[in-house]
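K.L.:
Below is one structure. I have some questions about it.
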Amino acid sequence: MAYDIISADSHVLEPYTLWQDALGDRFGDKTPRLVNERFGEAGRFFFTGNQYWKLKRYEEEAQAAGTPKAGYDPAERVRFQTDAKITAEVMNPTVMLPIMNASNQAENRAMVQAAAMAYNDWLLEFCSYNLTRLWPVAAIPMDDVDWALKELDRTLKKGARTAMIHSVYPEGCPPYRDRVYDPFWARCQDAGIPITLHIITGRIPDPLFAYKKEDQENGPNNLLFTYEEIPHTLANEFIFGTIFDRFPRLKVITGELELSWIPHFMKRVDMMQGVFSDRLSLPKLAMPASDYMRTRVWHGLIDDKFGLNGLDLIGESQVCWGSDFPHSIAIGKDAQAEVDQVLEGVPGPKRQRLLADNVRQLFGVH
């Protein structure tokens, strides 16, 4: 049986020359750009503002998928969707993710804002080829709320469907629970768009591109920390920081976290609200802490079959399948067959909700 499939977490592959072409020499050596040397090592690298990405793996993955142009050519992307029998995709960035991470150094923040504007312009042009099939995710750095609001409004007018913010507020900035961010949450709520929290945009540089030996040796720690940043932001900022209570129609979607962690997380936040509440001096919430995960947060699923065991606890209305195409664990042209395997045992109507209905409801697309 063929299903209506919308990927809630796919990616573009931005042209590596995008930022140097757009920004010129305004930011000097801080400009995100292609380089052919990294600390004495020759090769093909991309400098993100604070990290050097070795590009060979990404380029090999795109070639192996048989669709190397689908990351940056919208006509090729729609052709891929047609071949894969995918109705639409939510288009997250690739290279812009670690550029967002560079905001943790204050000297990079003007560059990251300019880079985000250049990326957003490119993405919105890319998606304008077919906005029914290509749903743009605007990158919105959060170190300057006034700037973030202007960029949010600018991109919404051009068709952006969600705002991807730092998964953890940048170092040296107020925490998200601070009222300084309230105008931004209010604008997202009033516009009816979800906030996207995607890995690699927080405090931990991409651990898959560590250069120094000590960072490589600490790779398992850093990779695990990468997946822990968003749960901490949800608990400390959106739930117990009362963002969700202050903005009762605000929605959040997470990227590349899968499902298995959620039942344990729900147990822990309920413990914080319950047995530990007096010792943690937490604010009184409008509902049980775990209920925010069942009603206000949408959770990305790629191939976490084990996590489906907790679907009834998490809430089937809150899970949105995504392919991660064209990244390392991506589901590509065989999407229909592969989701059949991932969702084996999930009844047809429930399966259709995970594959398309939930993301349509989240993004207000009918």
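The values are calculated or read from the model by the stated rules, or taken from the named source; none is laboratory data. For clarity, every value in this text was computed on a predicted model and none was experimentally measured. Ideal geometry is used to build each Cβ from the backbone, glycine not excepted, and the neighbour counts take in all protein chains shown.
K.L.:
Count, please, the residues in the stretch 8-29 that happen to be β-branched (Val, Ile, Thr) and touching a residue at least 60 places away in the same chain (Cβ under 8 Å).
P.N.:
1
K.L.:
Specify the residue that is surrounded by the most Cβ atoms within 10 Å (Cβ to Cβ); the eligible residues are those in the stretch 352-362 that are touching a residue at least 60 places away in the same chain (Cβ under 8 Å) and either in contact with a helix residue (DSSP H, G or I) (Cβ under 8 Å, 6 or more places away or on another chain) or over 22 Å from residue 303 (Cα atoms) (or both).
P.N.:
Top of the filtered list is 355.
K.L.:
Is there a residue in the stretch 185-202 that is of a type in the set (Phe, Trp, Tyr), within 19 Å of residue 254 (Cα to Cα) and either in contact with a Ser or Thr (Cβ under 9 Å, 6 or more places away or on another chain) or not in a loop (DSSP other than H, G, I, E, B) (or both)?
P.N.:
yes
K.L.:
Which of the residues belonging to the stretch 31-58 are without any contact (Cβ under 8 Å) to a residue 12 or more places away in the chain and within 19 Å of residue 98 (Cα to Cα)?
P.N.:
Selection gives 36, 37, 45.
K.L.:
Can you find a residue in the stretch 294-301 that is surrounded by 23 or more Cβ atoms within 10 Å (Cβ to Cβ), assigned to a helix (DSSP H, G or I) and without any contact (Cβ under 8 Å) to a residue 60 or more places away in the chain?
P.N.:
no
K.L.:
Right, here's the next one. Does residue 137 satisfy the criteria of being touching a strand residue (DSSP E or B) at 6+ places or on another chain (Cβ under 6 Å) and within 24 Å of residue 360 (Cα to Cα)?
P.N.:
For residue 137, the condition - touching a strand residue (DSSP E or B) at 6+ places or on another chain (Cβ under 6 Å) and within 24 Å of residue 360 (Cα to Cα) - is met.
K.L.:
Quick check on the stretch 203-213: of everything there that is assigned to a loop (DSSP other than H, G, I, E, B) and in contact with a strand residue (DSSP E or B) (Cβ under 8 Å, 6 or more places away or on another chain), which residue is nearest to residue 139 (Cα to Cα)?
P.N.:
Ranking the qualifying residues of the stretch 203-213, first place goes to 206.
K.L.:
Also, I was wondering about something else. Look at the stretch 118-133 and say how many of its residues are surrounded by fewer than 18 Cβ atoms within 10 Å (Cβ to Cβ), touching a residue at least 24 places away in the same chain (Cβ under 8 Å) and of a type outside the set (Val, Ile, Thr).
P.N.:
5
K.L.:
Sticking with this structure for a sec: Taking the stretch 296-328, which residues are in contact with a strand residue (DSSP E or B) (Cβ under 9 Å, 6 or more places away or on another chain), of a type in the set (A, V, I, L, M) and within 30 Å of residue 286 (Cβ to Cβ)?
P.N.:
Scanning the stretch 296-328 gives 297, 301, 308, 311, 314, 319.
K.L.:
Residue 233 passes all but one of (1) touching a strand residue (DSSP E or B) at 6+ places or on another chain (Cβ under 9 Å); (2) farther than 21 Å from residue 143 by Cα; which number fails?
P.N.:
For residue 233, the failing item is (2).
K.L.:
When you check residue 303 against the structure, is it among the charged types (D, E, K, R), within 22 Å of the chain's Cα centre (by Cα), modelled with pLDDT under 95 and at positive phi, yes or no?
P.N.:
no
K.L.:
State which residue is farthest from the chain's Cα centre (by Cα) when the search covers only the stretch 316-366 and only residues that are over 23 Å from residue 262 (Cβ atoms) and part of a helix (DSSP H, G or I).
P.N.:
Looking at residues that are over 23 Å from residue 262 (Cβ atoms) and part of a helix (DSSP H, G or I), I get 348.
K.L.:
Tell me which residues, restricted to the stretch 150-184, are more than 25 Å from residue 285 (Cβ to Cβ), more than 15 Å from the chain's Cα centre (by Cα) and not in a loop (DSSP other than H, G, I, E, B).
P.N.:
The answer is 150, 151, 152, 153, 154, 155, 156, 157.
K.L.:
Report, by residue number, each residue of the stretch 200-244 that is among the hydroxyl-bearing types (Ser, Thr, Tyr) and modelled with pLDDT under 90.
P.N.:
Correct list: 211 only.
K.L.:
Does residue 309 count as part of a helix (DSSP H, G or I) and within 20 Å of the chain's Cα centre (by Cα)?
P.N.:
no
K.L.:
Only one of 237, 214, 228 is under 30 Å from residue 327 (Cα atoms), of a type in the set (D, E, K, R) and either surrounded by 18 or more Cβ atoms within 10 Å (Cβ to Cβ) or touching a residue at least 40 places away in the same chain (Cβ under 8 Å) (or both). Can you tell me which?
P.N.:
237
K.L.:
Ok, one more. Can you find a residue that is surrounded by fewer than 21 Cβ atoms within 10 Å (Cβ to Cβ) and either part of a loop (DSSP other than H, G, I, E, B) or of a type in the set (D, E, K, R) (or both) anywhere in the stretch 138-145?
P.N.:
Yes.
K.L.:
Looking at 112, 168, 180, can you tell me which residue is of a type in the set (A, V, I, L, M, F, W, C), modelled with pLDDT of 95 or more, farther than 29 Å from residue 4 by Cβ and surrounded by fewer than 17 Cβ atoms within 10 Å (Cβ to Cβ)?
P.N.:
Checking each option against the conditions leaves just 180.
K.L.:
If residue 122 satisfies every condition in (1) in a helix (DSSP H, G or I); (2) modelled with pLDDT under 95 but one, which is the exception?
P.N.:
Against the list (1) in a helix (DSSP H, G or I); (2) modelled with pLDDT under 95, residue 122 comes up short only on (2).
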